[in-house]
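Engineer: Mind having a look at this structure? Questions to follow.
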Amino acid sequence: MSEDPVLILDLAAAAEIGPASAGGKGAQLGRLARYGFPVPDGFVISTAALGLAMAGEDAAGDDPEALAVVRARIESAPLPSLLADVLRDELCRRGWEDTPLAVRSSAPMEDSGRASFAGIHRSELDVVGFDAVADAVKTVWASLWTPQAVAYRSRVGVAEAAMAVVVMPMLKALAAGVAFSCEPASGRDDQVAINAVAGLADGLVAGRESGEEIVLEADPVSEDYRVLHRRGVSSGLPDACAVELAHLVRETAFALDYGAPWFDIEWVWDGAGFHLVQARPVTARPWYTYPALAGQPALWSNGNTRDVAPHVMTACEWVTCRRWANQLLEQGWRIAGYPVLPGAQRAALFQGRLYLNASFIQWEGYAALGIVPAAMNRLLGGHHSEIAVPPPTLRDRVAWLGRMLRYLVKSGGQRRLGRQQVEAAHVASAAWRAEDLSLLSNAELWRRIASLGLHYRRQEGLIFLQGSSGGTLSMLLDLIERYLPGESHALAAALMAGGEPSVTARQAYELQALAATAAADPDIAAWLRSGSDAWQDLPEDNPFRREFADFLERYGHRGIYESYLRSPRWRDDPGYLLRQIAGLMDCDAAAMRARQTQAREAAREHLARKMPFWARRWAEALARTAMRECNDREAARSAFTAYGEVARRLMLEAGRRLVASGGLAAAEDIFHLMPPEWDAALAGQLTGAPLRNRVADRQRLCAQWEANPAPDVVVDGASAPAAAPTAAGARDGGWHGTAVGAGLATGPARPIRRPEEGGHLAPGNILVAPSTDPAWTPLFLKAGGLVMETGGYLSHGAIVAREFAIPAVVNLPGILDEIGDGAPVEVDGRRGTVRRFG
């Protein structure tokens, strides 16, 4: 005997079973309720109920007369007895026999990212009593077979006619409407658009009235909203309530999909608070861009970001950096006086990974200073195409010169400010680390987290150092290329070898010194090789212990993939460092110093033969300045990472408190929550199942993302995400990439996917890596050469390879799978080639 179908779903069941049975509207309302948002109580009549009513009926075709017959048949027939019984029982159980109800359509594809079906299907309001509800349900069902519904399904490619029905009480409404988490006409991500009317919004939603338009804009630093303008007949919604609604809409959108938080949300305001009655993805969000890029595809690349953020980003990691990325990429152009596009979003998530808008980066470089797209792409790295730019006019050239002079005048002050803020960051972080967080109340803890976030985003000098350190390097490459075509990258790398070390190189040199200290003490050497992490158990007067403690004091804020707040810091987990020190005991530091000197002198001799005296002196001066700028970039990264360690400490304290209160299963779950959720959870406003549900759903989403590789390039506007070639593509017996470190190296290849696998790398091996962040730097001390799947001339791996004079070639996607472990290879840092031999 077959079981009776499930005909009635509460909102929790609707969220769990999904749109196939609960329809798009029902499933989405279930999710909102599951997350604790202010959603009216209600239930869903599943799609199976319509299946009972239509059993054996043929409702195919698009002939208007035939469709009218189908509608009439549905509306005149009684409800299936099984449905009638359970519907009557549900109304009675809820005490809704005399309650005015809304009976609303919820087709499976309705309110989805693919199709909204807005205004296509019927919904009935102020329905009272079982008989009226039964008639309303049939009216909603019948609306599947109107000519407009059939035509819409055909246009969006939906073959099956199915319908669930949402039933919920009518709400008292002083104002109601639809709010968009982005500005729908332009696509601006920093604006919220509210359409509002006094009373209920059924006329607004159906398109019968326009109501009042309220547009709000977020501050680029604090992300607080302010009303920009109000147009149309007043809805009676005060400005303060509009701001409250904007924040609620943004929080709701991010909770539903923090990677693509663009939704339109129906709301009701009863004078005391807001209720959400529908949420659907914005299905046709325009690309908000410069007029010059209109008609060109939006190119999103992870060629640069994979160096520091190769893995999936959690909700807190993405939300706290998405606006900061705009600051990073805009500031240099602003200093030069170029009018950047306000409100443009330059970073995005695809499959949970971080991408930058390469179209924006190329255009702004060209429009602001005349940097051609090809040159910008070499600095950025990646495999995206060049944008089309118009030929320059005399006016353009004059503007470029003016902006360059302005940049040169103003950048010095910003650079000095940035260096001051580097020092201040480490002093402040040390003081904050010493604070006893147990003495703070929950409200004080939240204020500390919020104030740190604002402080972080207000570090204009640090932001300048991090995001605007490629100008001189670009000038150096152009100068050398003019006299030595095809050799600029290798020669620039050689000129910058050695010299004043960056903070990342210094930490590597200090690790090397620690290895020498350990090697001089047989007991310590044996202890390190044993794999023990208990360095604090060593005698307090032991030289190695003292030096290692000093190292952690200076660099303990760093860690493996330190860009992620969830990543432990070396101060908390120094085991990786100790293993690297053990591996460095056999390395020859003098050989690396000699290699740096040899590379630098060889480059100078070559330039002396090919370039005039003035150009050679100018190139050497540019190399020194470019090296300082690259060092500044690394120093700013270290300073931001120091602030990140403090943020991680505060967040884990919040996580532990929420575990104690029963809100979270583990303190680390806090990294799957976003700032408004931290605030609400610490205040006791977001607790229990809604809090845990948000975490659990995001953990599942991150696991799905991590299991699926992301393409190197995503092209918005194409029929599907377009990936760059996934293999490096050997040609003429080798692979051709971007040379970032001079010289020639041969040796066995060691493909290593994570820095923890660095124990397999022996001195002189060729390190083949997907990308590198500062945690990989100790491996550079052992590597004879470096090959990377990603990266450009300003990537971390390129900067450190130049400093260490390691032959290095980057931007070779897929080469990890092309070169086998132990295969003999040659890395030619002059030609940018990798060749397998033997």
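The values are calculated or read from the model by the stated rules, or taken from the named source; none is laboratory data. Because the structure is predicted, anything quoted here is derived from the model rather than measured. Every residue, glycine as well, gets a Cβ built from its backbone with ideal geometry; the counts of neighbours run over all protein chains shown. Surface accessibility is based on the protein's heavy atoms, side chains included, excluding ligands, DNA and RNA. Shrake-Rupley method; radii C 1.70, N 1.55, O 1.52, S 1.80 Å.
Engineer: Over region 175-281, what is the relative contact order in percent, taking alpha-carbon pairs closer than 8 angstrom and at least six residues apart? Let's see the in-between values first.
Structural biologist: Working: 214 pairs, mean separation 29.0, N = 107.
Value for region 175-281: 27 percent.
Engineer: Can you give the charge dipole size of the chain about its Cα centre, rounded to the nearest 20 debye, using +1 on the beta carbon of Lys and Arg and -1 on the beta carbon of Asp and Glu? Numbers along the way, then the final one.
Structural biologist: Working: 84 positive and 98 negative charges, 714 e Å.
With only Lys, Arg, Asp and Glu charged at Cβ, the dipole is about 3420 debye.
Engineer: Please state the charge dipole magnitude for region 584-689, taken about the Cα centre, from unit charges on C-beta atoms (+1 on K and R, -1 on D and E), reported in debye and rounded to the nearest 20.
Structural biologist: Numbers: 16 positive and 14 negative charges, 177 e Å.
With Lys and Arg at +1 and Asp and Glu at -1, about 860 debye.
Engineer: May I pose another question? Could you give the angle, 0 to 90 degrees to the nearest 10, between helix 358-369's Cα long axis and the longest principal axis of the Cα atoms of the chain?
Structural biologist: 60
Engineer: Same structure, new question: Please name which of PRO220, MET170, PHE180 has its Cα lying farthest along the dipole of region 170-222 towards the positive end, using unit charges on Cβ (Lys, Arg +1; Asp, Glu -1) and the Cα centre as origin.
Structural biologist: Positive-most Cα among the choices belongs to MET170.
Engineer: Would you mind working out the magnitude of the charge dipole of region 175-281 relative to its Cα centre, with +1 at each Lys and Arg C-beta and -1 at each Asp and Glu C-beta, to the nearest 20 Debye? All intermediate terms of the calculation are to be shown ahead of the outcome.
Structural biologist: Numbers: 7 positive and 18 negative charges, 53 e Å.
For this selection, approximately 260 debye.
Engineer: Take the chain, mark every one of the GluC sites (Glu not before Pro) that falls in a DSSP loop and has at most 12 other Cβ within 10 Å, then report the longest stretch left between them, sites excluded. If you can, show how the numbers build up before the last one.
Structural biologist: On the way: sites that count: GLU3, GLU57, GLU97, GLU160, GLU540.
Here the longest run is 161-539.
Engineer: Put +1 on the Cβ of each Lys and Arg and -1 on the Cβ of each Asp and Glu in the chain; which of GLY36, ALA399, THR687 then has its Cα farthest toward the positive end of the dipole?
Structural biologist: ALA399
Engineer: Which residue, VAL714, PHE263, HIS557, has the largest displacement toward the positive end of the dipole of the chain when charges sit on each Cβ (Lys, Arg +1; Asp, Glu -1)?
Structural biologist: Comparing the listed Cα positions along the dipole, HIS557 ranks first.
Engineer: According to the square roots a ≥ b ≥ c of the eigenvalues of the Cα gyration tensor, what is the shape class of region 735-836, taking rounded for a/c under 1.5, prolate for a/b larger than b/c otherwise, and oblate for the remainder? Intermediate results must be reported in sequence, preceding the final value.
Structural biologist: On the way: a/c = 1.24, a/b = 1.04, b/c = 1.19.
It is rounded, given that a/c, with a ≥ b ≥ c, falls under 1.5.
Engineer: Taking amide H atoms as placed 1.01 Å from N in the peptide plane, list the residues 5 or more away in sequence, or in a different chain, whose amide H sits under 5 Å from that of PHE350.
Structural biologist: Amide H to amide H, under 5 Å and 5 or more residues apart or across chains, PHE350 pairs with TYR355.
Engineer: Still on this structure, I have one more. Between the alpha-carbon centers of region 731-800 and region 625-645, tell me the distance in whole angstrom.
Structural biologist: 21
Engineer: Right, here's the next one. Return the sequence-ordered ³J(HN,Hα) values of region 764-769 in whole Hz as given by the Karplus equation 6.51 cos²θ - 1.76 cosθ + 1.60 applied to θ = phi - 60°, using x for Gly and Pro.
Structural biologist: x, 5, 8, 7, 10, 10
Engineer: Would you list TYR407, TYR290 from the most to the least accessible area, probe 1.4 Å? Before the final figure, lay out the partial values.
Structural biologist: Working: TYR407 40, TYR290 15 Å².
The residues order as TYR407, TYR290, largest area first.
Engineer: If I stretch the segment between ALA294 and ARG406 completely, what's the gain in nm (0.36 nm per residue apart, minus their alpha carbon distance), one decimal?
Structural biologist: On the way: separation 112, 0.36 × 112 = 40.32 nm, distance 2.86 nm.
Going from the current span to full extension adds 37.5 nm.
Engineer: Using only alpha carbon pairs under 8 Å that are at least six residues apart, calculate the relative contact order of the chain and give it in whole percent. Working shown, then result.
Structural biologist: Numbers: 1618 pairs, mean separation 99.6, N = 838.
Relative contact order of the chain: 12 percent.
Engineer: Now, a different point. With a cut-off of 8 Å between alpha carbons and a minimum separation of six or more residues, what is the relative contact order of region 735-836 in percent?
Structural biologist: Values: 275 pairs, mean separation 41.0, N = 102.
Over region 735-836, the number comes to 40 percent.
Engineer: Something else about it: If one takes the longest principal axis of the Cα atoms in the chain, at what angle in degrees, from 0 to 90 and to the nearest 10, does the Cα axis of helix 688-707 lie?
Structural biologist: That works out to roughly 50 degrees.
Engineer: Under a 5 Å amide H to amide H cut-off, with H placed in plane at 1.01 Å, what residues pair with GLY382 once short-range neighbours are removed?
Structural biologist: GLY791
Engineer: If you don't mind, another one. Express the accessible area of the chain per residue in Å², computed with a 1.4 Å probe while the remaining protein chains stay in the model.
Structural biologist: Values: 33240 Å² over 838 residues.
Normalised by residue count, the accessible surface of the chain is 40 Å².
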